[in-house]
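Bear in mind these aren't lab numbers, they're just calculated from the coordinates by the rules spelled out. These numbers come from a predicted model, not from an experiment. Every residue, glycine as well, gets a Cβ built from its backbone with ideal geometry; the counts of neighbours run over all protein chains shown.
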Amino acid sequence: MTQERKFLSLEEFPPCPNYQSPFDAIPDETSPEYQNFSGNVSQILEELNAAHIGPDNLQNRITRVVHPPRLVWAAVNYKIASKLPRPEDFILRATQLALASYENKLTPSSIKDFRNYNLRFFPDFLSCDVNQVQDVVTWEASKPKYSKKSAQNLIRKCGYGDLLFIAMGQGGIACGMDVFLRYKDFSYAKNSLFYTARLSMHKVKDEKPQLDDKEIKFLKKEKKGRRVVIFDEDLSSGSTIEKAQDYFYRMFDYEFPEIEVNFI
């Protein structure tokens, strides 16, 4: 007889059984200025590798938090500009590396393989500029106290089922990966999938999520057996998440996706 799972309050929620969030190792008072960055993809890979094999100090902990979402964001922007034949594969390859970093499973060989793959097929991606300026709201929204609550909310809404978790970029990538991995660890929903769609209404003036026909076909296929979750890091005016909800409602044949934000 299977024992029914009990939904816990946030205060009762236990630590993740396996996933150790890199955000948990960052002091709460850490300045958002660490979000500032100007470099390229190759630099991100070099510094991320150094942070994983180097000493356990604050700078390396922060690098392990801020560089993985930058890699995903760079891949998303490159995909949009380059009109790739299989854009979903390109995004998933960068996403898998970023998630592995958050799970502390990143190895020098996996970074080398990623670099060599891109040197062969997309050499200009490695030299792509990546720029980020600090955003106080995004930094605050990424704190573990909010991500833990979002993971619990998703368990309440989705009942431990597998998710198709779509984060709105740029701001939703970092804490989105953290919420996704917390949920996946709590729920044992091992067939969940994380994907990123750019919807940056203020910074890039997007009017809708930037997905091409191949990605839409891929996401519709991957929805089978999964609950769709649309995630952003903060509610702000609400316009971004409302546009995303309407877009994916239509895309997924008029079925409302779950909406989750970390910070209101």
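Side notes on the structure shown:
- Short to long, the 10 Å bins of the Cα pair-distance histogram for the chain hold 7, 31, 38, 21, 3, 0 percent of all pairs.
- Working ranking of peptides 224-231, 109-116 by packing, defined as the average number of other Cβ atoms within 10 Å per residue, highest first, is 224-231, 109-116.
- Once both labels are positioned 7 Å from their Cα atoms along Cα-to-Cβ, the gap between Leu58 and Asn191 label points is 4.5 nm.
- Efficiency of FRET between Asp246 and Ile80 - r from beta-carbon atoms, R0 22 angstrom, step 0.05: 0.60
- Distance from the Cα centroid of the stretch 169-185 to that of the stretch 214-264 is 14 Å (rounded to whole angstrom).
- The ranking of Phe263, Phe252 by Cβ neighbour count inside 10 Å, starting from the fewest, reads Phe252, Phe263.
- The stretch 138-263: C-alpha gyration tensor shape, a/c 1.5 cut-off, then a/b vs b/c: oblate
- Over the stretch 27-92, all Cα pairs binned in 10 Å intervals from 0 give whole-percent P(r) values of 19, 43, 28, 10, 1, listed from short to long.
- Spread of Cα-to-Cα distances over 5 Å intervals beginning at zero, given as percent, for the stretch 36-133: 2, 13, 27, 27, 18, 9, 3, 1, 0
- Length-normalised contact order for the chain - Cα pairs under 8 Å, 6+ apart - percent: 21
- Theoretical FRET efficiency, 1/(1+(r/R0)^6), r = Cβ-Cβ of Arg120 and Ala50, R0 22 Å, to 0.05: 0.40
- Largest mean-square fluctuation among Ala244, Ala75, Ala25, in a Gaussian network model of the chain whose springs join Cα atoms under 10 Å apart, belongs to Ala25.
- Most mobile listed residue (Ile166, Ile80, Ile44) in the chain, GNM with C-alpha springs under 10 Å: Ile80
- Proxy reagent accessibility, fewest Cβ within 10 Å first, across His67, His52: His52, His67
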